[in-house]
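What follows is a short report on a single structure.
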Ligand SMILES: *Cc1c(COP(=O)(O)O)cnc(C)c1O
């Protein structure tokens, strides 16, 4: 049987098809099956004592998790990848890889809110001090470095509010002090932002979102460059916070079509962003691929595409009117998470938790996840919502 070609010689789209596959080890079946298992049997005492087989115990990995780790490392341009049961668990794993008691950590004020809670609720107890910084700081963030600063967390664009960050400039400043650069890269994925090529040491992806693509699994991935890969693997082994085998299998399936789905999310997301920007009820569209976005130049320089998640600020209206808008929608469901095939919307307000910056968008804010429905139907749905908003004013 032909072995798939070595992925490093191939272009990204081909690598998405070829990476992590070993049909010759699975009776020719195209996909690596779901391996469920805790115990792995050793053939003899010598291999038991040497701990020599490739797989030794369920927590150390299976052919299913290995296929996903290999494929993701290839796509992300990483030395290694560790899998976690959720995106948030992957963030916890990345932070635990980089930090020790007594360290100082810098986290963007625009970070995913549960990341913030982890820093305040857990890292604080572990005697790690978190300082929040303005995402717009760029290389200036080095003015906040202290002798015990050991990691900086970036997220671009910011969760909900979509500020862009100058990741290469931040990474360059951080690396002068051997500070670990951790990025939550869930929005762009490695397809639209190759994290390690841009200076990121540990890149986190919530596989729950676009890698799944179908709102049917939870998964987190941490990819590491050569400087951090061994420490990542050691930390992963200590936690043994393993992802479920079924979820890994589904993520591998999602990976094969991820480029197609992301490109469609980009196309449809932009179409809806432009349509919304032209509505009289809309004050601002927070989408970094729109030239009106303050972070557009950075997006254009560093990113290879945009996904289908963005926010909108409405001209001031009452909460009752916003709720009438939301309740009138039939295609845009309300729910957390995103990256699936279905459109979603949630209202949000960052005021309650920001500490380094002021969130004052000048009107109610909504986050949209654009799915694969027909754009004309989505526009009709939103038009119905705006009518209901006007009537409730
Ligand atoms: C959803 C999300 C996460 C967390 O992923 P879960 O799998 O839900 O834990 C992390 N970062 C960002 C930016 C997210 O949107």
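Values as computed for the structure displayed
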| item | result |
| --- | --- |
| Single unsatisfied condition, residue 260 versus (1) away from the ligand (no atom under 16 Å from the Cβ); (2) in contact (Cβ under 8 Å) with a residue 60 or more places away in the chain; (3) surrounded by fewer than 22 Cβ atoms within 10 Å (Cβ to Cβ) | (2) |
| Sole exception among (1) part of a helix (DSSP H, G or I); (2) within 16 Å of the ligand (Cβ to nearest atom) for residue 241, by number | (1) |
| Qualifying position, being more than 16 Å from the ligand (Cβ to nearest atom), touching a residue at least 40 places away in the same chain (Cβ under 8 Å), crowded, with 21+ Cβ neighbours inside 10 Å and within 15 Å of residue 183 (Cα to Cα), among 67, 71, 78 | 78 |
| Verdict on residue 241 being assigned by TED's automatic domain parsing to the domain that holds residue 75, in contact with a helix residue (DSSP H, G or I) (Cβ under 7 Å, 6 or more places away or on another chain) and modelled with pLDDT under 95 | yes |
| Number of the exception - residue 299 against (1) outside any helix (DSSP H, G or I); (2) surrounded by 19 or more Cβ atoms within 10 Å (Cβ to Cβ); (3) out of contact with any strand residue (DSSP E or B) (no Cβ under 8 Å at 6 or more places or on another chain) | (1) |
| Matching residues in region 317-359 - criterion: being away from the ligand (no atom under 16 Å from the Cβ), in a helix (DSSP H, G or I) and closer than 30 Å to residue 372 by Cβ | 321, 322, 323, 324, 325, 326, 327, 328 |
| Selected residue (only one of 232, 286, 270, 276 is away from the ligand (no atom under 16 Å from the Cβ), in contact with a strand residue (DSSP E or B) (Cβ under 7 Å, 6 or more places away or on another chain), touching a residue at least 12 places away in the same chain (Cβ under 8 Å) and not assigned by TED's automatic domain parsing to the domain that holds residue 112) | 276 |
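The values are calculated or read from the model by the stated rules, or taken from the named source; none is laboratory data. Computed from a prediction, not measured in an experiment: that's the story for all the values here. Note that each Cβ is placed from the backbone with ideal geometry, even for glycine, and that neighbours are counted across all protein chains shown.
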